Structures are given as C-alpha cells and as structure tokens.
Amino acid sequence: MRVASLLPSATETLFALGVEPVGVSHSGDHPPAARDLPTLTSTVVDHADRSAADIDEQMREVDGAVYDLDEDRLAALDPDLLVTQATCDVCAVDASEVRAAAARLDPEPDVLALDPHSFGDALDDVARIGAAVGEEAAASDLRDEVRGRVETVRERAERAVADEGRPCVAVLDWTDPPLRAGHWVRDMVELAGGDPAFQPDGPSEPVAWEDLRAHDPEALVVAPCGFDRDRAVDAVDDLAARPGSDEIAAVVEGRVYAVDGNGLFNRPSHRLVDSLEALFACLHPDHAATEPGDRERIARVDAATSSVRADGG
C-alpha cells in the first residue's frame, strides 16, 4: 500500500508499524528517515528563529489557508491512502481540503482523518492506522507495549500521590499569548499524578496571565507547539517578563520545565507515552524511574534568569 501522511504524528506511527510513507508533511521529522521523503505540504508562516509573539501575529494575519498541499506532487506519488487530521485547523492541512484533493485524483485514494481529543483517543488511533494499512497485528503489539508503560506510570503515580499528594500543575503549549494545553494533556496530568484542573477539557485555549498567577502552579511545564527544547527555554522569557512571575510557586521552588513541545506533548501519536513518562518525572521526580533533566528534550529552568539549571538538564 502506498500511503501519504500529511500529519507528523501519523508518520511516526506508520514507521513504527513498519510502513514507510511515500510522502509526508513538511514538519514530519521523526523518525529521522522521514526527513528524506518527498514533502507534500508547506506553510506561509515563517517559524525559523521567530518569537512566539511574532509567529502568533503571522498566524492572525494570514488571509486564506495557513497550509498548502502540493497536489501535483501528490498525484505523481499515486497514493492508495491519505492520512490527515481534523483535530486542529492551525496544525495541518484541513481535512476537508484533503478530501477535496483526493476526489480530484484518478484513481481516488482513501482518506483516513484522525481526530483525537483525549489520551485514549490518541492510543486508539494506532489501531485505526493499523487497520487502514493492513498491519493489525503490529498495531496490536504496539498498543499493548504502550499500555504497559502507561500502567507502570499509573501505578507509580498512585504511590506518589499517596505519599505527596497531587501538585498543582500548569502546562502551556504557547507563551505569547499564553495558551493552556488541552485535548490529551488534561488526561496526562491526571495520569502522571498532578492536579489537572488548570487544563481545559477540550482544545487548547488562551488563559489570562492573572488567571495563571491566581492558579499559582507548583509545577509549570512550558511545551510550545512546534518548538524544540532550546526554543522552549527562550519562550520562558515571555513568562518571566510578566508582572508577578517571580511570585508563582513553581518559579520560587525551581520547578519550571522547558520541554521539546515538537517531540513531546504536541503530537498525538503512540509517542505520547514518552511525554507521559517525562511529565511524571517532572511532577514526582522521587518516584520516577528517570530524572526529568533529559538534556535533549527537557530542561529545568531558573525562570528569573531563563538559564538552564545545572541539576535539571
């Protein structure tokens, strides 16, 4: 089967199931082999070395589609199946555009539109992708492996909560303006032994700075959508410059984490279990199997200076 993946998370899962797509989205960068495949999408927004505020302004000023689909290249690849998403209209090509493009191809490929809104939905999509590409057994094995790791975190989190309680948590997937991370993140905070009250039960949404201050999180996780860890460290500046930031409990206690949002949290693939394990390490480091200071993906930040703490990545 010839599969074109217009969604980075789907590309990750396809590779994990042993299926190499014939084409991918411009942001498909995992596994590394995905970077060598033909790209089928592009964006009018310039993300390179731009601040969160600059990128947000560009998004607001776009007149028309944020993402473009190269239909000529798509037709040349002659796919049997297109995998896309319907979850977020600022994350990838809109599913309706993909269906319209598919209808113009001859022969017309099938379209699988993923629409996860919870942690469970994201894991269930492994089976949906597996069924669509005829790799049901591989999908079942992958899902069993992931569920085993989730259960390990759940058990450790229960012990941690019994010992320490649930810390007050805030996870942001943008900083200027601040956005509290939604969809599957609320589930992940609860599974990891944190208080999920700050996270919306739905899509990510703007949050007033005063509301964030009033929530006074004991742990603050900054995972900007599409940013790697180093750019997430820079994004902490957006928060540190705001009034009263030095009074937030997470800042006072040195529990501000800058996270590779591009590789963790933002993509609803089977790799969300990596994000769950990382989050648990941030919330309950004494009970985690590994320290939260993964130098490639997580940094504990001194929010007063935006410097990476020597003991945290």
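Some notes on this structure:
- Alpha-carbon centroid distance for the pair the stretch 99-164 / the stretch 187-232, whole angstrom: 23
- The long axis of helix 272-283 is offset from the longest Cα principal axis of the chain by roughly 10 degrees.
- Against the chain, whose longest principal axis is taken from its Cα atoms, helix 136-164 shows a tilt of about 10°.
- Here the simple spin-label model places points 7 Å from the Cα toward Cβ, and for Arg104 and Arg154 these points are separated by 4.6 nm.
- The C-alpha atoms of the chain define a longest principal axis, and helix 52-61 lies at about 40 degrees to it.
- Here the Kirkwood formula puts the hydrodynamic radius of the stretch 157-225 at 12.1 Å, using every distinct Cα pair.
- Neighbourhood charge, 12 Å Cβ-Cβ cut-off, centred on Pro107 and excluding it, Lys, Arg +1 and Asp, Glu -1: -3
- Contact order for the chain, expressed relative to its length and based on alpha carbon pairs under 8 Å spaced 6+ residues apart, stands at 14 percent.
- Taking Cβ atoms as reference points and 10 Å as the exclusive limit, the residues near Leu14 contribute a net charge of -3, counting Lys and Arg as +1 and Asp and Glu as -1.
- Cβ-placed point charges (K, R +1; D, E -1), dipole of the chain about Cα centre in debye, nearest 20: 480
- Cβ-defined net charge surrounding Ala131, 13 Å radius [Lys, Arg +1; Asp, Glu -1]: -3
- Taken over the stretch 99-175, the convex hull of the Cα atoms encloses 119 Å³ per residue.
- Considering only alpha-carbon pairs that sit under 8 angstrom and 6 or more positions apart, the relative contact order computed for the stretch 78-215 is 18 percent.
- Area of Val252 that stays accessible when all protein chains are in place (1.4 Å probe, Å², to 10): 100
The values are calculated or read from the model by the stated rules, or taken from the named source; none is laboratory data. Keep in mind that what you see is a predicted model, and the values were worked out from it rather than measured. Neighbour counts run over all protein chains shown; Cβ positions are idealised from the backbone, glycine included. Just so you know, the surface numbers come from the protein's heavy atoms only, side chains and all, with ligands and any DNA or RNA stripped out. Shrake-Rupley method; radii C 1.70, N 1.55, O 1.52, S 1.80 Å.
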